[in-house]
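Colleague: Structure in structure tokens, see below.
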Amino acid sequence: MSSEKEKLIVFDTTLRDGEQSPGASMTKEEKLRIAKLLERMKVDVIEAGFAISSQGDFEAIQLISENVHQSIVCSLSRAITADIHRAGEALKKANAGRIHTFIATSPIHMQHKLKMEPDEVIHQAIGAVKLARNLINDVEFSLEDASRSDFEFMCRVTEQVINAGARTINFPDTVGYAAPGEYGQIIKRLIENVPNSDKAVFSVHCHNDLGLAVANSLSAVNFGARQVECTINGLGERAGNASLEELVMALKTRSDLYPVNTDIDASYIVPISKLVSSITGFPVQPNKAIVGANAFAHESGIHQDGVLKMRETYEIMKAEDVGWSRNKLSLGKLSGRAAFTARLAELDIILDDKNEFENAFKKFKSLADKKREIFDEDLQTLISEIQYGEDQRYTLVDLEIKSKLGKSPNAKIMIGHEGQINVSESLGDGAVDAIFNAIEKLIDSGSKLEVYSVNAVTQGTDSQGEVSVRLEKDGKIVNGQGADTDILVASAKAYLNAINLMQNPEKVHPQLGGI
């Protein structure tokens, strides 16, 4: 292997494919916060959304295009004229924009989904790339379900779309079907057999249905792929996508095995993992590689002894290199508006609206009275709660819990609605169950509780508890969130937030499918 390292382009699709996780819909403001941190992390390409899928996605891509200047901002589009024009419109103000268009190439997709003949697929692919090139210089083309496509047909499509002007060609393992050796060889053979392969960057986008997304991506890199598409925390539909943090740290830790380097600033890995988890309501499992709470924890006495004597005995990475010790105490109850504003600015959070700022500062002061140390994660959670609080039909006014060993807990809750305060009371199997029963007794949302989870925002017994509640009704899924130093209050906030989202049609995120 040559000692010369090539650059690997890191393409993050958390804001597009990650949002296809049921209930993971994000507002445009939340997407911007994630995009700004991805930019600071030096991600090369940020896929900001699927412009034609919804007005919200279109506006999010526009907003990110206007505010992200160092990373390429990308919009997905099907190989359809309306999609491509919509993507081009959303990207008009981008400093560097990319249209990412795709069509399925596997026999099962062409026959049963597209109902098109192979030659028709090639014709549509060529037309889509040419149209996109008329709107923007940077065009990526994806062969959806490439890992189940006929090899000779993929060669034909790839050669034609490169001739049409695509400069990045992506070969997605759309359903997570491939195995690492097999997938790497497909990329190698494509590069060797497509006559004009030297005129494009070959990219991979791997799903994790068999738990092989990262392994497949790394295999492809060793066989010539020079762009990897991934998400923070491996977020994505079904079992998710290749995890950015795992890919980046595998390449860095085992640089002896791979012929590439990335520009990623790994110190932002943990902060952005926590931000994405907070915004989407998808907690990170404790034993998750790199970003899980236990990733650098050692319980075994033998392990602890070894690490104390020499860290490398049981740790192949430094925790601080991925950001575990990056967030220091930033503010306290004596901090004023100037310090608060400056810290938000460092986190790329700008509150232009005076009322919104005052609300945030008031909540910060209230939180500082409850817990001595205020961390970046606390501020991110606080801002998320404020944004979730916009246009809330139902708000928590007061909560009283009576609980005694051997007796069913009783919850009495006061909920604000349309200028009135309504009171409800109910028993439950536990305190949280009593709270939810009391809310439903008053609102009767008709929703089904699918997931209830609790996460500590930071360390310590005074940490804010962040609760995620997933509700389902008539096929619509929403994730509600609430945070408070009192976990029962956080639970009530989360449930009410989910009900508010369920009743707001603008929060629905229709997806048209993807790669």
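Colleague: Taking the criterion of being surrounded by fewer than 21 Cβ atoms within 10 Å (Cβ to Cβ), among the basic types (Lys, Arg) and not in a helix (DSSP H, G or I), would at least one residue in segment 148-166 satisfy it? Walk me through how you get there before you give the answer.
Modeller: Filtering segment 148-166 down to residues surrounded by fewer than 21 Cβ atoms within 10 Å (Cβ to Cβ) leaves 148, 150-153, 155-156, 159-160, 163-165.
This time we only want the ones that are among the basic types (Lys, Arg), so: 148, 156.
Going one step further and asking which of them are not in a helix (DSSP H, G or I), we end up with none.
No, that holds for no residue.
Colleague: So, in segment 4-32, exactly how many residues are over 22 Å from residue 77 (Cβ atoms), in contact with a Leu (Cβ under 9 Å, 6 or more places away or on another chain) and in a loop (DSSP other than H, G, I, E, B)?
Modeller: So the answer is 2.
Colleague: Taking the options 482, 460, 406, name whichever one is modelled with pLDDT under 90 and not in a strand (DSSP E or B). I'd like the intermediate steps shown before the answer.
Modeller: Values: 482 fails: not in a strand (DSSP E or B); 406 fails: modelled with pLDDT under 90.
Being modelled with pLDDT under 90 and not in a strand (DSSP E or B) holds for just one of 482, 460, 406, which is 460.
Colleague: Out of the residues in segment 314-328 that are surrounded by 14 or more Cβ atoms within 10 Å (Cβ to Cβ) and part of a loop (DSSP other than H, G, I, E, B), state the one that is modelled with the lowest pLDDT. Give the derivation first.
Modeller: Start the filter on segment 314-328 by keeping residues that are surrounded by 14 or more Cβ atoms within 10 Å (Cβ to Cβ), which leaves 314-315, 317, 319, 321-324, 326-327.
Add one more test, that the residue is part of a loop (DSSP other than H, G, I, E, B), and what stays is 314-315, 317, 323-324, 326-327.
On the way: 314: 54, 315: 65, 317: 79, 323: 81, 324: 77, 326: 47, 327: 44.
Filtering segment 314-328 for residues that are surrounded by 14 or more Cβ atoms within 10 Å (Cβ to Cβ) and part of a loop (DSSP other than H, G, I, E, B), the one modelled with the lowest pLDDT comes out as 327.
Colleague: Would you mention how many residues in segment 329-369 are free of Cβ contacts under 8 Å to residues at least 12 places away in the same chain, within 18 Å of residue 37 (Cβ to Cβ) and assigned to a helix (DSSP H, G or I)?
Modeller: Number satisfying all stated conditions: 3.
Colleague: Just checking, which of 100, 69 is of a type outside the set (Gly, Ala, Ser) and either under 28 Å from residue 154 (Cβ atoms) or in contact with a Ser or Thr (Cβ under 7 Å, 6 or more places away or on another chain) (or both)? Give the steps one after another, and end with the answer.
Modeller: Numbers: 69 fails: either under 28 Å from residue 154 (Cβ atoms) or in contact with a Ser or Thr (Cβ under 7 Å, 6 or more places away or on another chain) (or both).
Only one candidate qualifies: 100.
Colleague: Among the residues of segment 157-164, is any in contact with a Cys (Cβ under 8 Å, 6 or more places away or on another chain), assigned by TED's automatic domain parsing to the domain that holds residue 130 and either in contact (Cβ under 8 Å) with a residue 12 or more places away in the chain or closer than 18 Å to residue 47 by Cβ (or both)? Reasoning before the result, please.
Modeller: We begin by selecting, within segment 157-164, every residue in contact with a Cys (Cβ under 8 Å, 6 or more places away or on another chain); these are none.
No, the conditions are met nowhere in segment 157-164.
Colleague: Return a yes/no flag: does segment 466-481 have any residue that is crowded, with 23+ Cβ neighbours inside 10 Å and more than 22 Å from residue 503 (Cβ to Cβ).
Modeller: Yes: segment 466-481 contains one or more residues that are crowded, with 23+ Cβ neighbours inside 10 Å and more than 22 Å from residue 503 (Cβ to Cβ).
Colleague: Kindly evaluate residue 148 against the criterion of being among the charged types (D, E, K, R) and more than 26 Å from residue 65 (Cβ to Cβ). Explain how you work it out, then say what you get.
Modeller: On the way: among the charged types (D, E, K, R): yes; more than 26 Å from residue 65 (Cβ to Cβ): yes.
Yes, satisfied.
The values are calculated or read from the model by the stated rules, or taken from the named source; none is laboratory data. Note that this is a predicted model, so its numbers are computed, not measured. Heads up, the Cβs are rebuilt from the backbone with ideal geometry, glycines too, and the neighbour counts pull from every protein chain shown.
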